[in-house]
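This report refers to the structure that appears directly beneath it.
No value in this document is a laboratory result; all are computed from the given coordinates. Not measured: the values here are computed from a predicted model. Cβ coordinates were reconstructed from backbone atoms using ideal geometry, including for glycine residues, and neighbour counts include every protein chain displayed.
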Amino acid sequence: MRTATTDRAAGPGADSTKLRARHGTDSTAVSAGPRIIHQRPALLSERSTHYCPGCGHGVIHRLVAEVLGELGLGPRTIAVAPVGCAVFIYDYLRLDWLEAPHGRAPAVATGIRRVRPDAFVLTYQGDGDLAAIGTAEIVHAAARGEAITAIFVNNAIYGMTGGQMAPTTLLGQRTTSTPTGREAGLAGYPIRITEMLAQLPGVAYAARGSVGDPAWIGRTKGYIRRACEVQLARAGFAIVEVISNCPVGWGMTARESIAWLKGPMAEAYPPGVLVDRLKGAPEGPAAPGAASSPRAHGPGRGG
Amino acid sequence: MTTGLPTAAPKRRARRVRLARGRANGDMKTRVLMKGNEAIAEAAIQAGCDAYFGYPITPQAELLEWMARRMPELGRVFIQAESELGAINMALGAAAAGARVMVSSSSPGISLMAEAMSYMAGSELPVVVVNVMRGGPGLGGIQPSQSDYFQATKGHGHGDYRVPVFAPSSIGEAIELVATAFDVAERYRTPVMILADGILGQAMEPVEERFPELPAGRPDWALTGADGRAPRSIRSLHLLAEELEQHNIHLQAKYRSIAEREVRWSHELLDDAEVLVVAYGTAARVARTAMRRAREEGIRVGLFRPVTLWPFPEAALRAVAERLAGMLVVELSAGQMVEDVRLAVEGRCPVVFHGRMGGMVPTPVEVLAALRDLAPVACEGSYDALRYTLAQRPAGVAL
C-alpha cells in the first residue's frame, strides 16, 4: 500500500522537523548519507487514500498531520471525523478517531472536550457537513467557546454523493442539483460561515486558508498551527476554513480546478486571518467589525 | 463518590420532609419526599454519572434543572445543549471518551435523539436515555402518555438494533432502575432507555434516602489519545457488505444475550387469578387499584407488570396464559404494548385492551368495568370477549 511519495531515508517514526536538514545547517547530513528532502509525517499513514485525482483533501490531511506532529499532540489527540468525502480519515491519520453523525462533529467534540480536559480535540468537516446540516452544532460549539480546533474544508460541493449543491456553492456554479447553475432566487446565496463565526466572542481564532498554491499551502499550515496553539492556551474556539478543489465534482481537470480555486472561489471566500484573539487585533482581509475583548478564560474545563 | 442526598437549595428544602414513620414493617429507614424527575437525576448522580447533556422540555425540565445545580457542585459535566440533537451527540462524544453519561428528554425530543441512538447502537457506546413521555403525535401535549412504546421498543432510528427499555412504576423503582440501566449499558456497550411518563416525572413520593451506587466503569475500548498504543477508531460505518453483516451478526448475538439475561417483570396475586391485567409504569398503578376493587367483587384478577419492555417478558406471560380466562392490557395509549402481549400469548387466551390517549389517564373505574366485561365472557375462551368488550366500552372512552 506504499505510495510513490514514501520517503527513502526515514521511516514513519521520524520527526518531520528534520526537514530542516535540507537547509544545510546540519553538517552531518552529508556524511550520514542521502539528505532528507521529503518525508511522510509520522501521523500520516501509508495507506493510499480513496480521494479522486487532484483532490485537496490529501494536502490538508498532510498539513494537519505535520502540525500535530510538530506540536507533539498525536498521543493526546481525540479527533472527530465527518460524514462526507473525509469519512475515512481514520484510515489516513494515525490518531484516535470518533465518527460523528452527519453535521454533529462539533457537539460530539464538545462531549469529548468536557470529559477529557487533557485531550487535544480536533474536528474535520466539509462544507455540507459543517455549513448545512450541522449549522446549529458549529454555531453553538463556537458560541460556547469550546476549546476545540475545527478544520473546515470548503470545496463548494457535496463530493461523496456525486456533486450536488453545497451551502457554499457559488452563484452560477453548476452542480448535479443546480444543473443550470446556482440561482439565488431558487437556491439562495452562498454562506460565508467562517465570517459568521468570527462575530462570536467565543471564537478565539478564525482564519481561511487555501490549497491553491504552495505559498498559500504554507500559510494555511501556519493557520492550522495557530488554531492548535489557541486550543492549548484554552483561549476559546478555533476554526480554520480551507478552500479546496474538487475537480471531479466541478467537472474540471485538476489544473482547471486550481485556476477556479484561485479565481472565483478565492474571490467569494477570501483567504486570510479573520480573528485572532490570542494576539488581539484581527489581521488580514474581511476583518469582522464585531467582537470585543479577548477572552479571559475558556470554558474548556472538564468534570 | 458522594452518598446520601445533597444539601438542598433553600427553595428545595421543603421537599426534604423526613417522614416520622418508617415502613409498615417497622423498618425505621429515613425516607425523603422527592419529585420523580429530580429523583431520577439524583439517582444518576449517585450511580456515578460523569456527564449530563439536556435540553428543556416539559414534563422533564426539572431533571435538567437538578443536574444544572448538582453536577457543577460535584465538578462533573453539565451542558444545556442547543437542541436534543446537540445533547445526544455530546453524549456520544463523552461516552466514546469513556465517561458515564445520561441524557433526558420527553417524546418530541426523543424523536430528535433517534439518529444518534442508532449511531450509538452501531458504534456500541453506552448511554442512559430518559424519556418522560407526553402525549403525541407531533407537538401533542404535555400531559402524561405511554404512546412512545413502539418508538422505545421497536427502535428509534434506522437499522437493525435494539435498546433495553426499563419502565419504572414508582419513583422508588425509578431510582433503582437508573443504576441498573447504567450497569446494563456498560456491560453490553449499548444505549439503554428509562421509559417514564409525565406522572412519574411530576409526582412526588417518599423514597429511601440512600440511593444505589455503581462502581466506576473501566472501559478498555475508550478513546483517550493513541499514547503508547495503536490508534483506535469508534464508528458505525462498515462500507463492505460482508463486514457490515458480520457486525450485525455480532450485535444480534449481543441482543440475544440481553434478552436471555436482563428480562424483568413483576406480578401480583397471580396464583389464583382467572383474569390478568397487564400494564407497565403509571398504567400499572391504575390497574392495581382496579384489581383490588375487582377482587372485592369476587373477580379473581392478577397483575402482570413488565419492568423491561425490551426484552419483553414474553415467556413468563406465555407460561401463565394457558390457564387464564383472559388478559386485559391497560395503557396510556391507543394500544401499543398490547401487540407484544398478543404475540407472547399466541392465542392461548383472549387479550383485550383498554386505554386512553392524548394525556388522559384511565381511571380505576374504567379498568374495573373492562375487567367485569372480560371476566364472565372470557371463560368461553374465545375472541368473542374482545368483540364484547369493544361493544360495551363506556361511552366517551376512545379506543
Self-check item: Beta bridge orientation in chain B: antiparallel %, DSSP, nearest 5
Solution: 25 percent
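Taking N as the number of residues in the stretch B:266-392, what is its Cα Rg relative to 2.2 N^0.38 Å?
Numbers: Rg = 12.8 Å, N = 127, 2.2 N^0.38 = 13.9 Å.
Working it through for the stretch B:266-392, the quotient is 0.92.
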Quiz prompt | Distance from the stretch B:101-147 to the stretch A:189-222 (C-alpha centre basis), Å | solution = 37 Å
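How big is the Rg/Rh ratio for the stretch B:132-186, C-alpha atoms only, Rh by Kirkwood, two decimals?
Ratio of gyration radius to Kirkwood radius: 1.01.
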Quiz item: What does the charge dipole of the stretch B:54-213 about its Cα centre add up to, to the nearest 20 debye, if the Cβ of each Lys and Arg holds +1 and the Cβ of each Asp and Glu holds -1?
Solution: 280 debye
Self-check item: Whole-Hz ³J(HN,Hα) from phi, Karplus 6.51 cos²θ - 1.76 cosθ + 1.60, for the stretch A:221-229, glycine and proline x
Solution: 4, x, 5, 5, 4, 4, 5, 6, 5
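If we sort B:313-319, A:94-100, B:348-354 on the protection proxy, mean other Cβ atoms within 10 Å, highest first, what's the order?
A:94-100, B:348-354, B:313-319
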Practice problem: Place a +1 charge on the Cβ of each Lys and Arg in the stretch A:49-276 and a -1 charge on the Cβ of each Asp and Glu, then give the dipole magnitude about the Cα centre in debye, rounded to the nearest 20. | Solution: 220 debye
Quiz item: If you average the sequence gap of Cα pairs under 8 Å that are 6 or more apart and divide by the length of the stretch A:45-146, what percent do you get for the contact order?
Solution: 28 percent
Self-check item: Where the Cα pairs of chain B fall when distances are cut into 10 Å bins, in %
Solution: 5, 22, 30, 24, 14, 4, 1, 0
Quiz item: In which sequence would B:Trp66, B:Trp221, A:Trp260 go, from the one with the fewest C-beta neighbours within 10 Å to the one with the most?
Solution: B:Trp221, A:Trp260, B:Trp66
Quiz item: Using the Cβ atoms and a cut-off under 11 Å, what net charge is assigned to the surroundings of B:Met67, where Lys and Arg are +1 and Asp and Glu are -1?
Solution: -2
Quiz item: What's the center-to-center distance, using Cα atoms, between the stretch B:34-77 and the stretch B:288-348 in Å?
Solution: 34 Å
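Determine one quarter of the surface area of the Cα convex hull of the stretch B:248-330, which equals its mean projected area, and express it in nm² to one decimal.
Details: hull surface 23.6 nm².
Over all viewing directions, the stretch B:248-330 projects a mean Cα-hull area of 5.9 nm².
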Quiz item: What are the ³J(HN,Hα) values, in whole Hz, obtained from phi via the Karplus relation 6.51 cos²θ - 1.76 cosθ + 1.60 with θ = phi - 60°, for each residue of the stretch A:107-123 in sequence order, with x given for Gly and Pro?
Solution: 5, 4, 5, 4, x, 5, 3, 6, 9, 10, x, 8, 6, 9, 10, 10, 10
Exercise. Pull up all non-local amide H partners of A:Leu274: gap of 5 or more, or a different chain, and H-to-H distance under 5 Å with H placed in the peptide plane.
Key: A:Ala206, A:Ala207, A:Arg208
Quiz item: Per-residue mean of other chain beta-carbon atoms within 10 angstrom of the beta-carbon, peptide B:216-228?
Solution: 4
Quiz item: Mind ordering A:173-185, B:201-213 by average Cβ neighbours within 10 Å, highest first?
Solution: B:201-213, A:173-185
Practice problem: Among B:Ala316, B:Asn248, B:Val184, flag the residue with its Cα farthest along the positive direction of the charge dipole of the stretch B:183-334, charges on Cβ as +1 for Lys/Arg and -1 for Asp/Glu. | Solution: B:Asn248
Exercise. Apply the Karplus parameterisation 6.51 cos²θ - 1.76 cosθ + 1.60, with θ equal to phi minus 60°, to every residue of the stretch B:357-369 and state each ³J(HN,Hα) to the nearest whole Hz, in sequence, with x for glycine and proline.
Key: 10, x, x, 7, 10, x, 8, x, 5, 4, 5, 4, 4
Exercise. Within a 10 angstrom radius of each residue's Cβ in A:38-46, how many Cβ atoms of other chains show up on average? Whole number is fine.
Key: 0
Self-check item: Distance in nm between pseudo-label sites at A:Arg174 and B:Asp220 (7 Å out along the Cβ direction from Cα)
Solution: 5.8 nm
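Order A:235-243, B:362-370, A:187-195 from most to least packed using the mean count of other Cβ atoms within 10 Å. Don't skip to the end; give the middle numbers.
Details: A:235-243: 28.6, B:362-370: 20.1, A:187-195: 18.6.
Going from most to least packed, we get A:235-243, B:362-370, A:187-195.
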Quiz item: Tilt of helix B:107-123 relative to the longest C-alpha principal axis of chain B, in degrees (0 to 90, nearest 10)?
Solution: 60 degrees
Self-check item: C-alpha long axis of helix B:36-46 to longest principal axis of chain B, angle in °
Solution: 40 degrees
Quiz item: Amide H of A:Val80: which non-local residues (sequence gap of 5 or more, or other chain) have their own amide H closer than 5 Å, using H built in the peptide plane?
Solution: A:Leu98, A:Leu122, A:Thr123, A:Tyr124
Exercise. State the Cα centre-to-centre distance between the stretch A:164-183 and the stretch B:195-235 in whole Å.
Key: 45 Å
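How much mean residue ellipticity at 222 nm does chain B get from its helices, if each DSSP H run of length 4 or more adds -39500 (n - 2.57) and you divide by all residues, to the nearest 500 deg cm²/dmol? If you can, show how the numbers build up before the last one.
Values: 14 runs with 164 residues, N = 399.
Calculated at 222 nm, the ellipticity per residue is -12500 deg cm²/dmol.
Enter the mean number of other protein chain beta carbons within 10 Å of the beta carbon of each residue in A:224-237, as an integer.
Going residue by residue through A:224-237 and averaging, the value is 0.
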